[in-house]
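Visitor: This is the structure I have questions about; it appears just below.
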Amino acid sequence: MRFKTATSPHILLETSVGQIMRRVLYAMLPGMAALTWFFGWGVLINLVIATVVALAAEALMLAARGKALALHLSDNSALVTAWLLAVALPPLAPWWLTTLGVLFAIVIAKHLYGGLGYNPFNPAMVGYVVLLISFPREMSTWLVPHGVGQVHALGLSNTLTIIFGNGQHLMPDGLTGATSLDVLRTQLGLGRSVTEIRNSPVFGIVAGRGWEWATLGFLVGGLWLVYTRAADWRIPAGMLGGLATIATVFYLIDPQHYAAPWFHVCSGAAIFGAFFIATDPVTASTTPRGRLIYGAGIGILVYIIRAFGGYPDGVAFSVLLMNIAAPTIDLYTQPQVFGARRG
Amino acid sequence: MSALFSFHGGLKTTRHKTESNQQPILVNPLPPQLTVPLRQHIGAIAKPLVQVGDRVLKGQMIAQADGYISAAVHAPSSGVVTAMELRPVPHPSGLSDECIVIETDGEERWIERQPLDYRQLHPSEVRGALRSAGVVGLGGAVFPSAVKLNLEGQGGQLDTLILNGAECEPWISCDDRIMRERADEIVAGLHIMVHLLQPREVLIGIEDDKVEAIAAMREACAGTNYQVRAIPTLYPSGSVKQLIKLLTGKEIPVDGLPADIGVQCFNVATAQTVHRAIDLGEPVLSRVVTVTGHVARPANVEVLLGTPFSALIAFCGGYRDGVERLIMGGPMMGFALYDDEVPVTKATNCILAAGAGIGELTPEQPQMPCIRCGACVEACPANLLPQQLYWHARAKEFDKAQDYHLFSCIECGCCSYVCPSHIPLVQFYRYAKNEIWAQEKEKQKAELARQRHQARLDRLEREQKERDAKLRQKAPRQAASTAVTPEADKLPIEAAVARAKPHRIAAPADASPASVAADDDRSEPNS
Amino acid sequence: MITAIVVLSALAGVAGLLLGFAAVRFKVEGDPIVDKIDAILPQTQCGQCGYAGCRPYAEAIAADEADINQCPPGGENGIIALAELLGRDPKPLNPENGIEKPKMVALIDEHNCIGCTLCIQACPVDAILGAAKHMHTVIAQECTGCELCLPPCPVDCIHMTPITQTIGTWKWSYPVRSETHQPADQATA
């Protein structure tokens, strides 16, 4: 009797790229729910726009590159890019801003560099940084969270009108405002002390009001990702450890001038970035020790940008900078091969 | 008793041992024909000692070891040699190899068996007896055991002798059954190995899910200082490097051998054949094979070497519906066969009939790009970076692949197993290793050709000088007659051509004796 | 103005001296380029390149008298290796020199050999055994497949035979996931 052959191993673990990416999407849900509660419909509308544009752009690029559509679309990687970017955008960002960012991420940062697995830079962060540099005003128009402002007063239809057209007149007064990191930055510049600034209503229990709940949501999702091994624990551990360490050092030097480490860890995109952005395996370091170093590098850069740089938050820049360093880190952090050490 | 150590990576796979290990070892009936390959071991192919038409007895040596790393081959039953030719053998290539075909007579008439008292013999005599009994490692690597039982020139003193009863691959259970039923024979073989190697300690490593085997071995070892150790059930704990690490904490150095760190490791089934070869005078004629997966009655079967797989499958009730792939060895490292008309060899530890659903065969998955997730790094027991190795092997950058320690890869398949992109990683490493070996051979051949060409140029120059010198001596006398020589040279050739012409027409154009044998000195020191 | 010129000239002078000293002091004693080229060539000594052997061809390449694409046995891989060594662009094999063929060895049809020794004289690596009026035979392991023994044979009894694949010479192929896996013997047939 004759048989078909194939090479060993003949059994494989039930896993796939699509499954890993799907887990990332699931893990974002709790944080996203919190964001929606505190910042209104805009969050979800951004998400829908980003999803549609990303899928269309991915399909188009795959077709142009002659790849199997169904197979590669089902890897869900475009969706992850779209969602990461959508979460990072202000909730009332105009539709074209979201579209432009996603297009840049998928077409240029991903496919022109060779597609999934070959892109040296995190596509979502490339899209984000392009928007941040090109449209600083639109990108910094954040809403005041529910509980501080009247986000819930803005209904679905009004939100849609604002995002898709000339709805600026529909915006209630006092809806937009600075985020806690913005406040910290500007007030410190005015010579106030951290304790005084913390009395501002945008601050909650440990970090920005509303924000801290979204952060908690992302932390829960992120820990689940680590638990299911969809993300390597070393990157978030390295990043948060790096951020906390450098923040502690400065906090101990001058607590009136530098915010507490727990504030830094819980603020802005630190948790979200640590578990969801920095852990993108394609652009991160790939050796076990390298991942700790890579994460720590991001954490330290985030602090430097926040404390001394020109932007209130620095996760996107830090991730892109460490993306550049990843191959070098890999080269110098190769694990010791079995039998390399005597005895 | 020292604590167990651990190794990096590894897999918890499904086990599937109970399909075949619940009943005693069966004996396959004598088949009408045995096809005995001459290459059933690592090293030089055995040299045949019989001719077509010869009557052979059970246990008679029909091919002898050719060189130090080689092993003898014996007639598994009595009968008549009916052919000596290339026949399909179990090999991933599907190629044929030299075989001796024996038509069995059903009488099972033995040669005279000569039991030896190894205590009275010099170790080299015992090793010689093992060599001529065709004893090789039965775990699958089939390295001649006599070579591994010789410590001369390898540092002399052995710290630890390890008996490998781990059997970590899913589905395989032949060693499990042998340990349960023949523990005494294994320990008897172990005594001989201990006599030859004089180790400071003897450890027997068995995966902790083989409770009965551990109990049987402990009982058989009672009263000796041999220690039976239960090791964690974690693939590939039965790989030599990983087993030694687990039991002793020592790592075989890169490019090194177990003996370099004072350890030597043998399979439990090998110990049994050592006992039979010395204490009973019986060479290796059969082995226990696990026939499992998608067959009607999975079992462990004692089968004569040279028995066709198809006969063995039939003995186990035949295939069930849905068999897609026939695997020799386990599902992690075994290779798929093109045909079941191939003989059982000393390397055949398991025949796995696999199909979707049963035998858990995973259907072919589309390959996706590597996303550098690092799952392979977590799984790799050799502590390699499989994703980087893959990158270079795929690009055929063999130098860089070697920088990433390609040759430390034990081809266990853990990386391919966990890869979410379904990249055939191990296959890339096998390919790269083979290419590097082939290039190395090419280079050696080119170097040889260069030397021979240079030698020829030197010779021609020397001859020319000698001729010139002679001519100068003769020149005054023979100045007139030199012009005639070239024609005189040609005359005999033309005459010969004329003689040969009728002969050429008569001879068929392709009746060329096969005096050309391609260079095939394959030797992979893979114990 | 003048100071600037003087200073710059002095600097240039010192730097030049330093460089000159470094060039002498830290000179790298590498293989002469001819040896490196020769190491890449397949040593078939077939002369298809138009030179009397691999070494003369290597010398010609080093002297820029010959191009790097004149060696059919070396094939594409050989040309790429040469191009890399010499920092040039690879180019296709020059068809005037021949085409890349699978590796072959010479086989003498021993029924027809008349023992003329002409092939022995032609063999560049002394891989043919025999004496006058006695049958000759090729040492397959030493044969480079150069085909130089074919033209001199007066009775055309030498043939080139492809090296057959055995279990010993078989290699795993480049992994391609495909439905059509074939046994090696059928794939080559």
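The values are calculated or read from the model by the stated rules, or taken from the named source; none is laboratory data. Computed from a predicted model, the values in this text were never measured in an experiment. All Cβ positions, glycine included, derive from the backbone under ideal geometry; neighbour counts span all protein chains shown. Accessible surface areas use protein heavy atoms only, side chains included; no ligands, DNA or RNA. Shrake-Rupley method; radii C 1.70, N 1.55, O 1.52, S 1.80 Å.
Visitor: Collect the residues in the stretch A:30-60 that are of a type in the set (A, V, I, L, M) and open to solvent by 30 Å² or more (accessible area, probe 1.4 Å), keeping them in residue-number order.
Guide: To start, the set of residues in the stretch A:30-60 that are of a type in the set (A, V, I, L, M) comprises A:32-35, A:43-45, A:47-50, A:52-57, A:59-60.
Once the filter is applied, which keeps residues that are of a type in the set (A, V, I, L, M) and open to solvent by 30 Å² or more (accessible area, probe 1.4 Å), the stretch A:30-60 yields A:33, A:44, A:48, A:52, A:55, A:56, A:60.
Visitor: Of the residues B:196, B:203, which is part of a helix (DSSP H, G or I), of a type in the set (A, V, I, L, M, F, W, C) and buried (at least 22 other Cβ atoms within 10 Å of the Cβ)?
Guide: Working: B:203 fails: part of a helix (DSSP H, G or I).
Unique residue meeting the criteria: B:196.
Visitor: Among the residues of the stretch C:52-69, is there at least one that is in contact (Cβ under 8 Å) with a residue 40 or more places away in the chain, open to solvent by less than 70 Å² (accessible area, probe 1.4 Å) and over 19 Å from residue B:452 (Cβ atoms)? Outline the logic, then answer.
Guide: Narrowing the stretch C:52-69 to residues in contact (Cβ under 8 Å) with a residue 40 or more places away in the chain: C:53.
Keeping just the survivors that are open to solvent by less than 70 Å² (accessible area, probe 1.4 Å) gives C:53.
Filter once more, so that each one left must be over 19 Å from residue B:452 (Cβ atoms): none.
For the stretch C:52-69, residues in contact (Cβ under 8 Å) with a residue 40 or more places away in the chain, open to solvent by less than 70 Å² (accessible area, probe 1.4 Å) and over 19 Å from residue B:452 (Cβ atoms): absent.
Visitor: Any idea which residue in the stretch A:203-228 is farthest from the other protein chains (Cβ to nearest Cβ), counting only those that are closer than 22 Å to residue A:18 by Cα and of a type in the set (Val, Ile, Thr)?
Guide: A:220
For every residue, the table says whether it meets (1) in contact (Cβ under 8 Å) with a residue 40 or more places away in the chain; (2) surrounded by fewer than 18 Cβ atoms within 10 Å (Cβ to Cβ).
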{"position": "A:131", "(1), (2)": "yes, no"}
{"position": "A:139", "(1), (2)": "yes, no"}
{"position": "A:152", "(1), (2)": "yes, yes"}
{"position": "A:169", "(1), (2)": "no, yes"}
{"position": "A:186", "(1), (2)": "no, yes"}
{"position": "A:191", "(1), (2)": "no, yes"}
{"position": "A:199", "(1), (2)": "no, yes"}
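Visitor: Do you know which of the residues in the stretch A:229-248 that are open to solvent by 30 Å² or more (accessible area, probe 1.4 Å) and more than 16 Å from residue A:263 (Cα to Cα) is nearest to the other protein chains (Cβ to nearest Cβ)?
Guide: Taking the candidates together, the pick is A:229.
Visitor: Please determine whether any residue of the stretch B:56-68 is surrounded by 21 or more Cβ atoms within 10 Å (Cβ to Cβ), in a loop (DSSP other than H, G, I, E, B) and on the phi > 0 side of the Ramachandran plot.
Guide: Scanning the stretch B:56-68, I find at least one residue that is surrounded by 21 or more Cβ atoms within 10 Å (Cβ to Cβ), in a loop (DSSP other than H, G, I, E, B) and on the phi > 0 side of the Ramachandran plot, so the answer is yes.
Visitor: Also, quick follow-up: Applying the selection to the stretch A:245-287, what residues are of a type outside the set (Gly, Ala, Ser) and outside any helix (DSSP H, G or I)? Give the steps one after another, and end with the answer.
Guide: Our first condition is that a residue be of a type outside the set (Gly, Ala, Ser); within the stretch A:245-287, this holds for A:245-246, A:248-258, A:261-266, A:271-272, A:275-277, A:279-283, A:286-287.
Across the stretch A:245-287, the qualifying residues are A:254, A:255, A:256, A:257, A:258, A:279, A:280, A:281, A:282, A:283, A:286, A:287.
Visitor: With the stretch C:32-104 as the region, which helices (runs of 4 or more DSSP H) entirely inside it contain at least 3 residues that are under 19 Å from residue B:438 (Cα atoms) and away from every other protein chain (no Cβ under 14 Å)? Working first, answer last.
Guide: Numbers: elements: C:33-40, C:54-62, C:75-86.
In the stretch C:32-104, there are no helices (runs of 4 or more DSSP H) which contain 3 or more residues that are under 19 Å from residue B:438 (Cα atoms) and away from every other protein chain (no Cβ under 14 Å).
Visitor: For residue B:140, are the conditions met, namely being part of a loop (DSSP other than H, G, I, E, B), touching a residue at least 24 places away in the same chain (Cβ under 8 Å) and either out of contact with any strand residue (DSSP E or B) (no Cβ under 8 Å at 6 or more places or on another chain) or open to solvent by 20 Å² or more (accessible area, probe 1.4 Å) (or both)? I'd like the intermediate steps shown before the answer.
Guide: Values: part of a loop (DSSP other than H, G, I, E, B): yes; touching a residue at least 24 places away in the same chain (Cβ under 8 Å): yes; either out of contact with any strand residue (DSSP E or B) (no Cβ under 8 Å at 6 or more places or on another chain) or open to solvent by 20 Å² or more (accessible area, probe 1.4 Å) (or both): yes.
In short, yes.
Visitor: Can I ask one more? Quick one: residue A:339 ticks every box in (1) open to solvent by 10 Å² or more (accessible area, probe 1.4 Å); (2) within 14 Å of another protein chain (Cβ to nearest Cβ); (3) touching an Asp or Glu at 6+ places or on another chain (Cβ under 7 Å) except a single one, so which number is it?
Guide: (1)
Visitor: Which members of the stretch A:96-129 meet the condition of being open to solvent by 60 Å² or more (accessible area, probe 1.4 Å), of a type in the set (Phe, Trp, Tyr) and more than 14 Å from chain B (Cβ to nearest Cβ)? Show your work before the answer.
Guide: Within the stretch A:96-129, the first condition is being open to solvent by 60 Å² or more (accessible area, probe 1.4 Å), and the residues that meet it are A:96, A:100, A:103-104, A:108, A:112-113, A:118.
Of the ones still in play, those that are also of a type in the set (Phe, Trp, Tyr) are A:96, A:104, A:113, A:118.
Listed by number, the residues that qualify are A:96, A:104.
Visitor: Which residue out of B:325, B:372 is in contact with a strand residue (DSSP E or B) (Cβ under 7 Å, 6 or more places away or on another chain), within 27 Å of residue A:74 (Cβ to Cβ) and open to solvent by 10 Å² or more (accessible area, probe 1.4 Å)?
Guide: Going through B:325, B:372 in turn, just one is in contact with a strand residue (DSSP E or B) (Cβ under 7 Å, 6 or more places away or on another chain), within 27 Å of residue A:74 (Cβ to Cβ) and open to solvent by 10 Å² or more (accessible area, probe 1.4 Å): B:325.
Visitor: Going through the stretch B:206-222 one residue at a time, which ones are part of a helix (DSSP H, G or I) and open to solvent by less than 10 Å² (accessible area, probe 1.4 Å)? Spell out how you get there, then give the answer.
Guide: We begin by selecting, within the stretch B:206-222, every residue part of a helix (DSSP H, G or I); these are B:211-220.
Within the stretch B:206-222, B:213, B:217 meet the criteria.
Visitor: Quick check on residue A:11: is it in a helix (DSSP H, G or I), among the β-branched types (Val, Ile, Thr) and within 14 Å of another protein chain (Cβ to nearest Cβ)? Full working, then the answer.
Guide: Values: in a helix (DSSP H, G or I): no; among the β-branched types (Val, Ile, Thr): yes; within 14 Å of another protein chain (Cβ to nearest Cβ): yes.
When the stated conditions are applied, residue A:11 does not pass them.
Visitor: Additional query: So which helices (runs of 4 or more DSSP H) stay within the stretch A:55-164 end to end and still have 2 or more residues that are under 25 Å from residue A:37 (Cα atoms)? Break it down into steps so the answer makes sense when it comes.
Guide: Numbers: elements: A:69-73, A:77-88, A:95-103, A:123-134, A:136-139, A:156-164.
Output list reads A:77-88, A:95-103, A:123-134, A:136-139, A:156-164.
Visitor: While we're on this one: Could you tell me which numbered condition residue C:21 fails, if it satisfies all but one of (1) closer than 30 Å to residue C:150 by Cα; (2) open to solvent by 20 Å² or more (accessible area, probe 1.4 Å)?
Guide: So residue C:21 meets the others, but not (1).
Visitor: Quick one: how many residues across the stretch A:291-313 are under 14 Å from residue A:242 (Cα atoms) and not basic (Lys, Arg)?
Guide: Here the count works out to 14.
Visitor: Going through the stretch B:421-436 one residue at a time, which ones are surrounded by fewer than 21 Cβ atoms within 10 Å (Cβ to Cβ) and more than 8 Å from chain C (Cβ to nearest Cβ)?
Guide: B:422, B:436
Visitor: Evaluate the stretch A:30-44: report whether one residue or more is within 14 Å of chain B (Cβ to nearest Cβ), assigned to a helix (DSSP H, G or I) and over 19 Å from residue A:99 (Cβ atoms). Spell out the reasoning first.
Guide: Restricting attention to the stretch A:30-44, the residues satisfying the condition of being within 14 Å of chain B (Cβ to nearest Cβ) are none.
No: the stretch A:30-44 contains no residue that is within 14 Å of chain B (Cβ to nearest Cβ), assigned to a helix (DSSP H, G or I) and over 19 Å from residue A:99 (Cβ atoms).
Visitor: Where residues in the stretch B:158-176 are acidic (Asp, Glu) and more than 21 Å from the chain's Cα centre (by Cα), which of them is least open to solvent (accessible area, probe 1.4 Å)? Walk me through how you get there before you give the answer.
Guide: Taking the stretch B:158-176 first, the residues acidic (Asp, Glu) are B:159, B:167, B:169, B:175-176.
If we keep only those that are more than 21 Å from the chain's Cα centre (by Cα) as well, we get B:159, B:176.
Values: B:159: 44, B:176: 4 Å².
So the residue we want is B:176.
Visitor: As an exercise: evaluate residue B:267 against (1) more than 11 Å from chain A (Cβ to nearest Cβ); (2) more than 26 Å from residue B:115 (Cα to Cα); (3) crowded, with 22+ Cβ neighbours inside 10 Å and give the number of the one condition it does not meet.
Guide: (2)
Visitor: Any idea how many residues of the stretch B:111-136 are open to solvent by 20 Å² or more (accessible area, probe 1.4 Å) and not in a helix (DSSP H, G or I)? Break it down stepwise before answering.
Guide: Residues of the stretch B:111-136 open to solvent by 20 Å² or more (accessible area, probe 1.4 Å): B:111-117, B:119-125, B:127-129, B:131-132.
Keeping just the survivors that are not in a helix (DSSP H, G or I) gives B:111-117, B:121-122.
Residues flagged as open to solvent by 20 Å² or more (accessible area, probe 1.4 Å) and not in a helix (DSSP H, G or I) within the stretch B:111-136 amount to 9.
Visitor: Which of (1) more than 13 Å from chain B (Cβ to nearest Cβ); (2) open to solvent by less than 70 Å² (accessible area, probe 1.4 Å); (3) more than 23 Å from residue C:41 (Cα to Cα) is the odd one out, the single condition residue C:118 does not satisfy?
Guide: Of (1) more than 13 Å from chain B (Cβ to nearest Cβ); (2) open to solvent by less than 70 Å² (accessible area, probe 1.4 Å); (3) more than 23 Å from residue C:41 (Cα to Cα), only one is false for residue C:118: (1).
Visitor: Scan the stretch C:163-189 residue by residue and report those that are within 21 Å of residue B:429 (Cβ to Cβ), surrounded by fewer than 17 Cβ atoms within 10 Å (Cβ to Cβ) and either more than 7 Å from every other protein chain (Cβ to nearest Cβ) or at pLDDT below 80 (or both).
Guide: C:176, C:177, C:178
Visitor: Tell me the residue from A:273, A:268 that is touching a residue at least 24 places away in the same chain (Cβ under 8 Å), in contact with an Asp or Glu (Cβ under 8 Å, 6 or more places away or on another chain) and either in the same structural domain as residue A:117 (by TED's automatic domain parsing) or within 24 Å of residue A:202 (Cβ to Cβ) (or both), please.
Guide: Numbers: A:273 fails: in contact with an Asp or Glu (Cβ under 8 Å, 6 or more places away or on another chain).
Of the residues listed, the single one that is touching a residue at least 24 places away in the same chain (Cβ under 8 Å), in contact with an Asp or Glu (Cβ under 8 Å, 6 or more places away or on another chain) and either in the same structural domain as residue A:117 (by TED's automatic domain parsing) or within 24 Å of residue A:202 (Cβ to Cβ) (or both) is A:268.
Visitor: Sticking with this one: If I filter the stretch B:7-26 for residues that are surrounded by fewer than 17 Cβ atoms within 10 Å (Cβ to Cβ) and more than 26 Å from residue B:293 (Cα to Cα), do I get at least one hit?
Guide: The answer is no; no qualifying residue exists.
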